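Below is one structure, written out as structure tokens, with a few remarks after it.
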Amino acid sequence: MKKTKTPAFDAQVFLDSAGVARKVVDYQRKATIFAQGNASNHVMYIQKGGVKLSVVNEVGKEAIVAMLGPGDFFGEGCLAGQKICIGTATAMTPTTVLAIEKLEMDRVLHEEHTFSDRFIKYMLSRNIRVEQDLVDQLFNSTEKRLARTLLLLARYGKKDQPQRVLAKISQETLAEMIGTTRSRVNLFMNKFKKLGFIHTNGGLHVNSSLLSVVLHD
């Protein structure tokens with residue numbers, strides 16, 4: 001007997017159909033969605049575009065924590081009692097987000113078990129990603145860190161987006177993400193282009209062949 005494949009859970013469809021009170025907000029490129037130190041009282045869901053999460057220390061040095069895209073949540077710290085935002089969220093491209101108030105998100109997580117299960121799995125996967133990023137930063141070479149970052153930004157492994165053109169991102173930003181200098185990023189980007197792993201005609205295209213750099217010992 002042929003098994004029926006269970007359709008993938010679509011958070012956007014759920015949010016549209018479950019009567020979840022939320023606000024749709026559009027942001028232009030480089031607009032601040034929320035700033036470090038703001039009150040933390042909304043969970044955000046990205047409909048389209050891209051978001052950079054960053055933190056600035058007491059001497060003004062910025063560290064990029066994550067780059068997120070469509071289907072990602074952020075601002076979820078308010079659900080765990082976080083009163084203020086510990087970082088800044090910036091739109092990397094024209095971006096549309098759903099802003100869900102903390103109390104509404106609490107209600108949905110308690111009443112809609114399918115959604116809460118998926119949300120928990122999403123947050124666990126995010127934690128795993130943070131751990132992998134830390135290991136990557138501690139043990140991998142600059143070249144591998146850059147290759148892995150480009151693949152993640154291209155959402156490598158996502159069934160709906162096996163390859164894509166990356167949103168505009170500077171070499172300075174890439175350098176901040178992997179903890180190196182812009183000149184080192186430029187060196188390896190040129191190398192990747194020569195090897196055919198990426199190309200820049202009509203935007204930055206990342207090919208799945210770049211995975212060979214990550215896997216190479």
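Annotations
- First in region 43-58 and at pLDDT 90 or above and part of a strand (DSSP E or B), second anywhere and of a type in the set (F, W, Y) and open to solvent by less than 30 Å² (accessible area, probe 1.4 Å), Cβ under 7 Å, 6 or more apart: V43/F73; M44/F73; M44/F74; Y45/F73; V51/F74; L53/F74
- Some residue of region 93-116 being modelled with pLDDT of 90 or more, closer than 24 Å to A175 by Cβ and open to solvent by less than 40 Å² (accessible area, probe 1.4 Å): yes
- Exclusive hit being within 16 Å of the chain's Cα centre (by Cα), under 26 Å from F74 (Cα atoms) and not β-branched (V, I, T), set L153, L138: L153
- Criterion: touching a strand residue (DSSP E or B) at 6+ places or on another chain (Cβ under 9 Å), open to solvent by 40 Å² or more (accessible area, probe 1.4 Å) and either aliphatic (A, V, I, L, M) or at positive phi (or both) - qualifying residue of L187, L124, L215, L152: L152
- Scanning region 92-127 for residues that are of a type in the set (A, V, I, L, M) and either touching a Ser or Thr at 6+ places or on another chain (Cβ under 7 Å) or under 15 Å from F73 (Cα atoms) (or both) returns V97, L98, A99, I100, M105, V108, L109, I120, M123, L124.
- Residue among G77, G71 that alone is within 28 Å of V13 (Cβ to Cβ) and not in a loop (DSSP other than H, G, I, E, B): G77
- Some residue of region 11-27 being in contact with a Leu (Cβ under 8 Å, 6 or more places away or on another chain), open to solvent by 60 Å² or more (accessible area, probe 1.4 Å), among the basic types (K, R) and in contact (Cβ under 8 Å) with a residue 12 or more places away in the chain: yes
- Some residue of region 89-105 being of a type in the set (A, V, I, L, M) and assigned to a helix (DSSP H, G or I): yes
- Among the candidates F34, F14, the residue that is out of contact with any Gly (no Cβ under 8 Å at 6 or more places or on another chain) and of a type in the set (F, W, Y) is uniquely F14.
- Residue within region 18-31 that is on the phi > 0 side of the Ramachandran plot and either at pLDDT below 80 or in a strand (DSSP E or B) (or both) present: yes
- Test for V65: is it modelled with pLDDT under 90 and assigned to a strand (DSSP E or B): yes
The values are calculated or read from the model by the stated rules, or taken from the named source; none is laboratory data. Here the structure is a predicted model, which means the values were calculated and not measured. Note: ideal-geometry Cβ built from the backbone for every residue, glycine included; neighbour counts use all protein chains shown. For the accessible areas, the whole protein counts, side chains as well, though only heavy atoms, and no ligand, DNA or RNA atoms are used. Shrake-Rupley method; radii C 1.70, N 1.55, O 1.52, S 1.80 Å.
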